[in-house]
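Working notes, beginning with the structure itself.
Since every read-out is calculated from the coordinates, none of them should be taken as a lab result. The structure displayed is predicted, hence computed values, not measured ones. All Cβ positions, glycine included, derive from the backbone under ideal geometry; neighbour counts span all protein chains shown.
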Amino acid sequence: MGVEAIPRWVYTAGTMIKMTVNTNIDRYVKRYGPSTEKQFQTAILRTLNDVAFTAKKDLERYADSVFASPTPLTRNPALVKKAELTPTGAVARVKLKDKMDMATKGSGPAEYLRAQITGGKRRDKRSEALLQIKGYLPTGYQAAPTDAYQNRYGNISLGLIQKILSDLQSYVYSGSVEQNRPHRYRKPKLAGRAKYKTTKGNKTVGKYFVIPVFSRDGGRNRAPGIYERKGGRPIMVMSFFPAGTYSKNYDFHRSVASSVFKNFRRRFGYHFGAVQGK
C-alpha cells in the first residue's frame, strides 16, 4: 500500500512548527474496507508522535553543531504536543520552550534563541532588565561576564548574579527581601546583604560596584561594567556594551523539518504494518 500522507508545515511566531498531515482517508476506506479508516488513523497518530520526538532528540546534535558549548537547556529546547485528529487529517506540534514552560525563573529558548533564529538583537536578560531599572545599564546596552566569571557554558552563574544584584540593591526575584517590602520603605542596611560587604579604610562598602557607561571614572579609564573589590584592586565581573546584531545561525525549522521528512515514510510503514498485523 503506497503512503499518501505527506507532512505540511505551518510556522508560528518563529518558535513553533506544526506538522499537519492531510489524509484522503475516504480513498483508503473505499479501496481496503471500513476497517482501514481506524488503522490508518492510528498509524498516522503514532507516526507523528514518533517523528516529532525524534526531531526533538535531533535538536541536541544540531545545537552541538551550531554552538561551542551549548547549555543543557539549549541542547534540549523543545516540547512536543502529541498528535491529534482533525477534520482533514492529523496534527502534531514541536515548539521551543518559552518562559511559561519553565519551572524556574528566567527566559526559555523561545526568548533567548529568537535572535539566533530570525536574526536581529536578542532580548534583554532578566538581570539586564533589573540593571536598567536601577539605572546602571542604559537602554540599548547589554552585559556579559568576563572569562574569569563564566561557568563552563560561557554564562554567569545564577548564584553569582543574585549576589551582585543584591549587593547593588537590584535583586527583586521571588522571595527576596526587597520584593516583599513596601516600595516606600527603605531599610538602611539589609541583613541578607551583610555578607557581601567589605571594608575600605574606615568605611563599609559594597563588594560589587558599577562603572556606568559614558563615565570617565575619575580619569582611571576603566571600562564600563560591574566590578568586584578583590585583594585591594577592582576586578571586572561583567562588561557593558552596545547590543549587537545576530545573524540567522540556528535554523530550528529546517532542523525539525529535515528530521521529520527523513523518517516519516519509513516510520509510517512500520506503524501501519503493526496495526494491520493485530
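Looking at MET100 and the list (1) surrounded by 16 or more Cβ atoms within 10 Å (Cβ to Cβ); (2) under 15 Å from the mean Cα position of the chain (by Cα), which single condition is not satisfied?
(1)
The rows are residues; the columns are (1) assigned to a loop (DSSP other than H, G, I, E, B); (2) out of contact with any helix residue (DSSP H, G or I) (no Cβ under 7 Å at 6 or more places or on another chain).
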{"residue": "ARG31", "(1), (2)": "no, yes"}
{"residue": "LEU45", "(1), (2)": "no, yes"}
{"residue": "ASP58", "(1), (2)": "no, no"}
{"residue": "THR74", "(1), (2)": "no, no"}
{"residue": "LEU79", "(1), (2)": "no, no"}
{"residue": "ALA103", "(1), (2)": "yes, yes"}
{"residue": "GLN116", "(1), (2)": "no, yes"}
{"residue": "ARG123", "(1), (2)": "yes, no"}
{"residue": "GLU128", "(1), (2)": "no, yes"}
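So which residues in the range 130-172 are hydroxyl-bearing (Ser, Thr, Tyr) and part of a helix (DSSP H, G or I)? Can you show your working first?
Taking the range 130-172 first, the residues hydroxyl-bearing (Ser, Thr, Tyr) are 136, 139, 141, 146, 149, 153, 157, 166, 170-171.
Passing the criteria: TYR149, SER166.
So in the range 221-278, with the set limited to residues that are over 20 Å from LYS207 (Cα atoms) and among the aliphatic types (A, V, I, L, M), which one is surrounded by the fewest Cβ atoms within 10 Å (Cβ to Cβ)?
The selected residue is ALA274.
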